[in-house]
Structure formats: structure tokens, C-alpha cells
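Structure, as C-alpha cells:
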Amino acid sequence: MEATDFTTEWINAWNSHDLNTIMSHYSENIDFASPVIQQMGVDTAGKISNKADLREYFSKALQKYPELHFEFYHELKGVDSLVLFYKSVNDTLSAEYMELDTQEKICKVRAHYKNR
């Protein structure tokens, strides 16, 4: 399946491990929820609500998983939103629901995972 330019750039940013490029996809106003936030001990509720904390979380994740590589499977498009389905760390299946703001920056994420 073809990915939009946005998704291709997002996947490539993660695969390059370039934190600044990764962060360029996210809004200053972020609502990010993931069970990995809980697993890494960042926040017991699994939520991040500001870009500085998101940057710190992503930095820790890149350090913890130096072999991190995302393999794109599918992109589902909605109105000002998308869902990305991809293979993540340790062959985990991942789906992220993302809402985009008026500048096409990610402002809301709900991440979902399934171990193979």
C-alpha cells in the first residue's frame, strides 16, 4: 500500500533515529497516550501532554531500543486524522491513531500494540 508523504517522512524520521526530525512532526500542543509510556516508567497513566516531555520520552525510547526500525504496513486516512499500522520494536505490531492540527502536525496520538 502506498503511504502519503507525511507517513513516509514520519517512518523515515524514526528509522533514522534523528530526534529533531521526529519531533518536527509533532505539535507543541500534544495529547499522547501509549502503554509503552507506562512500561518505561515515564508516567503511570501512560500519557504525555507537552512536547518537552514527549521529546524526553522519545529520547529514552531511542536509547533503550538502538535497533529500532519501523516497517510500514498500512495507512488509513480520516478527516484530519490517520491510523498507521506498522511493525515496531521486537516485531511488535503497532497501530497509531493520529490527529493532525491545521499545520499538519500531530496533536493527538493513541498508540496500540500486539506482540507476535
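Structure notes:
- Members of the range 74-90 that are in contact with a strand residue (DSSP E or B) (Cβ under 8 Å, 6 or more places away or on another chain) and in a strand (DSSP E or B): His74, Glu75, Leu76, Ser81, Leu82, Val83, Leu84, Phe85, Tyr86, Lys87
- When Lys60, Lys77, Lys51, Lys64 are screened for being surrounded by fewer than 18 Cβ atoms within 10 Å (Cβ to Cβ) and over 21 Å from Asn20 (Cα atoms), only Lys77 passes.
- Listed by position, the helices (runs of 4 or more DSSP H) enclosed by the range 1-73 that each have at least 1 residues that are of a type outside the set (D, E, K, R) and in contact with a His (Cβ under 7 Å, 6 or more places away or on another chain) are 5-16, 51-64.
- Total residues in the range 86-99, condition surrounded by fewer than 18 Cβ atoms within 10 Å (Cβ to Cβ) and at pLDDT 95 or above: 5
- Those residues of the range 91-116 which are assigned to a strand (DSSP E or B) and under 11 Å from Ser81 (Cα atoms), in sequence order: Glu96, Tyr97, Met98, Glu99, Leu100, Ile106, Cys107, Lys108, Val109
- Restricting the range 9-23 to residues that are in contact (Cβ under 8 Å) with a residue 12 or more places away in the chain and within 17 Å of Glu96 (Cα to Cα), the residue that is surrounded by the most Cβ atoms within 10 Å (Cβ to Cβ) is Trp10.
- Residues that are at pLDDT 95 or above, small (Gly, Ala, Ser) and in contact with a helix residue (DSSP H, G or I) (Cβ under 9 Å, 6 or more places away or on another chain) within the range 1-45 comprise Ala13, Ser16, Ser24, Ser27, Ser34, Ala45, listed in sequence order.
- Residue match in the range 11-22 (condition: under 11 Å from the mean Cα position of the chain (by Cα), among the polar types (S, T, N, Q) and within 24 Å of Asn115 (Cα to Cα)): no
- Single unsatisfied condition, Ser81 versus (1) within 16 Å of Ile37 (Cα to Cα); (2) among the small types (Gly, Ala, Ser); (3) without any contact (Cβ under 8 Å) to a residue 40 or more places away in the chain: (1)
- Tallying residues that are surrounded by fewer than 16 Cβ atoms within 10 Å (Cβ to Cβ), touching a Gly at 6+ places or on another chain (Cβ under 6 Å) and in contact (Cβ under 8 Å) with a residue 40 or more places away in the chain within the range 28-48 yields 1.
The values are calculated or read from the model by the stated rules, or taken from the named source; none is laboratory data. Not measured: the values here are computed from a predicted model. Every residue, glycine as well, gets a Cβ built from its backbone with ideal geometry; the counts of neighbours run over all protein chains shown.
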